[in-house]
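Trainee: Before anything else, here's the structure in question.
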Amino acid sequence: MLNKENSYNVYICGVGGQGIIKTSVIIGEAAMNEGYDVVMSEIHGMSQRGGVVSTELRIGGYKSSIIEKFKSDIILAFEPSEAVRALDKANKNTKIIFNTSPIIPSTLNQFNQVYPSVNSITESLNENYDSVYPVEGEKLAIESGSILSLNMVLLGAAIANDTFPLSKKSIIESMKNNLNIKFHNMNLNAIEKGYNIVKSS
């Protein structure tokens, strides 16, 4: 149970255009609707499509909007390499959910660098962390109706974790409050697909 003495810390990261900020707003509103205090901070590299974006949410008790090192309860990474970049926020018990579809920066070729394979990222995470959930987010989003529902696939995966403090019902209500009504069914399908993937793992 969250109170003024502890918080549930959510770190969300990826690149611009993946719906990271909107996901944070939906979680934050759901938390407030359930009676929790919540604070959110945003860190933008270049928030337009392709630039690194991250947000930090603290639900419950907190002294700062910034999540300390190794204190995230859950990491939602919308891109595999961003999951690796976020590991200074993780501890062995952190739930790590990441989309397995990479967005390879054009700068890699300029500097003769190689993007690590998703399999190697997954193996490394599994060796060092107890709760790792690779999700074929883009595939499930397309099945739901559009790749634009990727963020709701990952949000569904997040709420499937037993330690996630917010109810599925309140997340869905917040989604409906924040997204255009004509996309509600698509995004509801996406939430369900992400939820079911983790529940069945």
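Trainee: For the charge dipole of the chain, defined by +1 on Lys and Arg C-beta atoms and -1 on Asp and Glu C-beta atoms about the Cα centroid, which residue among V53, H184, S117 has the Cα displaced farthest towards the positive pole?
Mentor: H184
Trainee: Ignoring ligands, DNA and RNA, please state the percent of accessible area on the chain from carbon and sulfur, probe 1.4 Å.
Mentor: Working: 5040 of 10000 Å².
Carbon and sulfur: 50 percent of the exposed surface of the chain.
Trainee: In deg cm²/dmol and to the nearest 500, what is the mean residue ellipticity at 222 nm of the chain if only DSSP H runs of at least 4 residues count, each as -39500 (n - 2.57), divided by the residue total?
Mentor: -11500 deg cm²/dmol
Trainee: To continue, here is another question. Tell me, what are the semi-axes, in whole angstrom and largest first, of the equivalent ellipsoid of segment 121-186 as set by the roots of 5 times the Cα gyration tensor eigenvalues? Show your work: numbers first, answer last.
Mentor: Values: eigenvalues 128, 56, 9 Å².
Over the Cα atoms of segment 121-186, the semi-axes work out to 25, 17, 7 Å.
Trainee: Let me ask you something else. Putting +1 on Lys and Arg Cβ atoms and -1 on Asp and Glu Cβ atoms, find which of Y195, F78, G35 reaches farthest to the positive end of the dipole of the chain.
Mentor: G35
Trainee: By how many nm would the segment from E42 to N185 lengthen if fully extended, with 0.36 nm per residue of separation less the alpha-carbon distance?
Mentor: Working: separation 143, 0.36 × 143 = 51.48 nm, distance 2.82 nm.
Extra length available between E42 and N185 comes to 48.7 nm.
Trainee: Now for a different question. Under unit Cβ charges (Lys, Arg +1; Asp, Glu -1), what dipole magnitude, rounded to 20 debye, does segment 46-157 have relative to its Cα centre? It would help to have the intermediate numbers written out before the result.
Mentor: Numbers: 10 positive and 12 negative charges, 80 e Å.
It works out to roughly 380 debye.
Trainee: With +1 assigned to the C-beta of every Lys and Arg and -1 to the C-beta of every Asp and Glu, and no other charges, what is the dipole magnitude of the chain about the Cα centre in debye, to the nearest 20? It would help to have the intermediate numbers written out before the result.
Mentor: Numbers: 18 positive and 20 negative charges, 55 e Å.
Using only the charged Cβ atoms, the result is roughly 260 debye.
Trainee: Let me ask something additional. Once ligands and nucleic acids are excluded and a 1.4 Å probe is used, how much of Y11 is accessible, expressed in Å² to the nearest 10?
Mentor: Rounded to the nearest 10, the figure is 30 Å².
Trainee: List the residue ranges in the chain for DSSP H helices whose C-alpha atoms run 18 angstrom or more along the long axis and whose Kyte-Doolittle average is 0.0 or above.
Mentor: 20-33
Trainee: Shifting gears a bit: Please list, in chain and number order, the residues 5+ apart from F70 or on another chain whose amide H is under 5 Å from its amide H, with Hs placed from the backbone.
Mentor: Result for F70 returns K89, A90.
Trainee: With label points built 7 Å along Cα→Cβ from the Cα atoms of K63 and D88, find their separation and express it in nm.
Mentor: Between K63 and D88, the simple spin-label model gives 2.0 nm.
Trainee: To the nearest 10 square angstrom, what accessible area does V15 show with a 1.4 Å probe?
Mentor: Accessible area, nearest 10 Å²: 10 Å².
Trainee: Where the centre of each part is set by its Cα atoms, how far does segment 20-90 sit from segment 92-129, in angstrom?
Mentor: That distance is 19 Å.
Trainee: If r is the Cβ-Cβ distance from S146 to F70 and R0 is 30 Å, what FRET efficiency results, to the nearest 0.05?
Mentor: 0.25
Trainee: Accessible area per residue for segment 121-201 in Å², computed with a 1.4 Å probe and the full protein assembly in place, what is it? Mind dumping the intermediate values first?
Mentor: Details: 3960 Å² over 81 residues.
Roughly 49 Å² per residue, with all protein chains present.
Trainee: Something else about it: For K139, go through the lysines and keep the ones whose alpha-carbon is under 18 Å away, minus same-chain ones fewer than eight residues off.
Mentor: Partners within reach: K193, K199.
Trainee: While we're looking at this one, here's another question. Are there trypsin sites (Lys or Arg not before Pro) in segment 14-122 that DSSP puts in a loop and that have at most 12 other Cβ atoms within 10 Å, and which ones?
Mentor: Working: sites: K22, R49, R58, K63, K69, K71, R85, K89, K92, K95; in loops: K63, K69, K71, K92.
Taking segment 14-122 and a limit of 12 other Cβ atoms within 10 Å, the loop trypsin sites (Lys or Arg not before Pro) found are K63, K69, K92.
Trainee: Still on this structure: Residues with amide H under 5 Å of N161's amide H, sequence separation 5 or more or different chain, H placed in the peptide plane at 1.01 Å from N; which?
Mentor: none
Trainee: Please list, in chain and number order, the residues 5+ apart from K95 or on another chain whose amide H is under 5 Å from its amide H, with Hs placed from the backbone.
Mentor: Those lying under 5 Å, H to H, from K95 are I74, I75.
Trainee: Can you tell me what percent of all Cα-Cα pairs in the chain are more than 27 Å apart? Kindly include the intermediate steps, with their values, before the conclusion.
Mentor: On the way: 4745 of 20100 pairs.
Cα-Cα pairs in the chain separated by more than 27 Å: 24 percent.
Trainee: Got a sec to turn the phi values of segment 60-77 into Karplus ³J(HN,Hα) couplings, 6.51 cos²θ - 1.76 cosθ + 1.60 with θ = phi - 60°, whole Hz, x for Gly and Pro?
Mentor: Once θ is set to phi - 60°, the couplings for segment 60-77 become x, x, 7, 10, 8, 7, 8, 6, 5, 4, 6, 10, 6, 7, 8, 10, 10, 10 Hz.
Trainee: Taking every DSSP beta bridge that has both residues in the chain, what percent is antiparallel when rounded to the nearest 5?
Mentor: DSSP beta bridges in the chain are roughly 55 percent antiparallel.
The values are calculated or read from the model by the stated rules, or taken from the named source; none is laboratory data. None of the values given here were measured: they were computed from a predicted structure. Here the Cβ is made from the backbone with ideal geometry for all residues, glycine too, and neighbour counts use every protein chain on show. Accessible surface areas use protein heavy atoms only, side chains included; no ligands, DNA or RNA. Shrake-Rupley method; radii C 1.70, N 1.55, O 1.52, S 1.80 Å.
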